[in-house]
1. Before we move on, is Gly120 exposed (fewer than 15 other Cβ atoms within 10 Å of the Cβ) and either touching a strand residue (DSSP E or B) at 6+ places or on another chain (Cβ under 7 Å) or farther than 24 Å from Val207 by Cα (or both)?
2. For segment 198-239, which residues satisfy the criterion of being part of a loop (DSSP other than H, G, I, E, B), touching a residue at least 60 places away in the same chain (Cβ under 8 Å) and away from the ligand (no atom under 16 Å from the Cβ)?
3. State yes or no: is Phe154 within 16 Å of the ligand (Cβ to nearest atom), surrounded by 17 or more Cβ atoms within 10 Å (Cβ to Cβ) and closer than 30 Å to Glu49 by Cα?
4. How many residues does segment 136-158 contain that are within 14 Å of the chain's Cα centre (by Cα) and charged (D, E, K, R)?
5. Looking at the structure I just gave you, is Ser160 modelled with pLDDT of 95 or more, away from the ligand (no atom under 15 Å from the Cβ) and surrounded by fewer than 19 Cβ atoms within 10 Å (Cβ to Cβ)?
6. Filter segment 216-263 down to residues that are surrounded by fewer than 22 Cβ atoms within 10 Å (Cβ to Cβ) and of a type in the set (Ser, Thr, Tyr) and give me whichever is modelled with the lowest pLDDT.
7. Would it be correct to say that Tyr143 is crowded, with 18+ Cβ neighbours inside 10 Å, at positive phi and in contact with a Phe, Trp or Tyr (Cβ under 6 Å, 6 or more places away or on another chain)?
8. Spot the failing condition for Thr267; the list is (1) touching a Pro at 6+ places or on another chain (Cβ under 7 Å); (2) within 14 Å of the ligand (Cβ to nearest atom); (3) hydroxyl-bearing (Ser, Thr, Tyr); (4) over 23 Å from Lys109 (Cα atoms), and only one is missed.
Amino acid sequence: MNKYLTHLFQVTWKPSVLGLLASVAMTGMANANYLEHEAVKPFVLEMVEKHNFDKREIEALFAQAEKKQSILDAIARPAEKRLEWKGYRKIFLTEDRITRGKAFMAEHKETLERAEKEFGVPKNIITAIIGVETRYGKNRGGYRVIDALSTLAFDYPPRSKFFRGELEHVLLLSREQKFNPIELKGSYAGAMGYGQFIPSSYRHYAVDFDGDGVADILNNPVDAIGSVANYFKQHKWVEGEPVTGLAKVSGADYEKALYKGLKPKYTLEEMAKWGVTPVDNFDPAAKGKLLKLEGKHGTEYWLGLHNFYVITRYNHSHLYAMAVYQLSEALK
Ligand SMILES: [Ca+2]
């Protein structure tokens, strides 16, 4: 056994592994789950070879992991794909979410101001992310992360490569943070904590913002605030720049600005020639992406600027980014 290994899950994982092995022996593997899946064996071997994990410990973990049909149902029909803007907006722009957001901002005023100063990301944007993701920490997700990631890695072919990677990250994360991976809870996609970081994001962007030596975005709102701000900074949020604004369109050429994808491609100056006019006084040299949304009162056109694109790095959906932006405005 590798030296690191013994260290690995020693504190929290070992006792439950022993308990599990006993229960597996008693039930004769009758309820064994992912351990029996054909794609799991090579994964386990890879983890052992690549990262020196203990084979028995990883196998014990997968023996406990369960396939969840509700996870497969949820990923097949996310709100971002099911709804138009008017329906999506209704979920997030509620009085309740605004009131709770203001309370969260008051409660964490100093932390949010420190994060804004340190990372250059507005406190109302940080709060809106946490508000949209988990209602300010209230709904952090009830799925076991190991079930979510195993189900999506091994039984959801369209995204299996991605989630197999996240499964690898959750093992590494557990080693680094001394988590017991079987105890981690999150969304149907394995996103955890106040800001719903998937394991790779946790490893790359979580910060210890209260200085206690641990980056805990699962239960510590101070670390969560710093980590969301850091995520935005690392994805190149530009301090002081606008996010988005309404636009007017005329003629037929404006449709050239309605390409697929989220990244701003054309300058506002170029788009003006096609009949796209921002309502606000934006820099004509700035790049933007024209958005067409079906709102409560009909079609709306918006220009998503660079910082709007940065919000979509958190969740690759223009509806998501618009909800975050509008909630952040309501929290001002
Ligand atoms: Ca901390």
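The values are calculated or read from the model by the stated rules, or taken from the named source; none is laboratory data. Because the structure is predicted, anything quoted here is derived from the model rather than measured. Counting neighbours? That spans all protein chains shown, and the Cβs are built from the backbone with ideal geometry, glycine included.
1. So Gly120 fails the test.
2. If the condition is that a residue be part of a loop (DSSP other than H, G, I, E, B), touching a residue at least 60 places away in the same chain (Cβ under 8 Å) and away from the ligand (no atom under 16 Å from the Cβ), then His235, Lys236, Trp237, Val238, Glu239 are the ones that fit.
3. No, not satisfied.
4. Here the count works out to 1.
5. So Ser160 passes the test.
6. Within segment 216-263, the match that is modelled with the lowest pLDDT is Tyr259.
7. no
8. All conditions are met except number (2).
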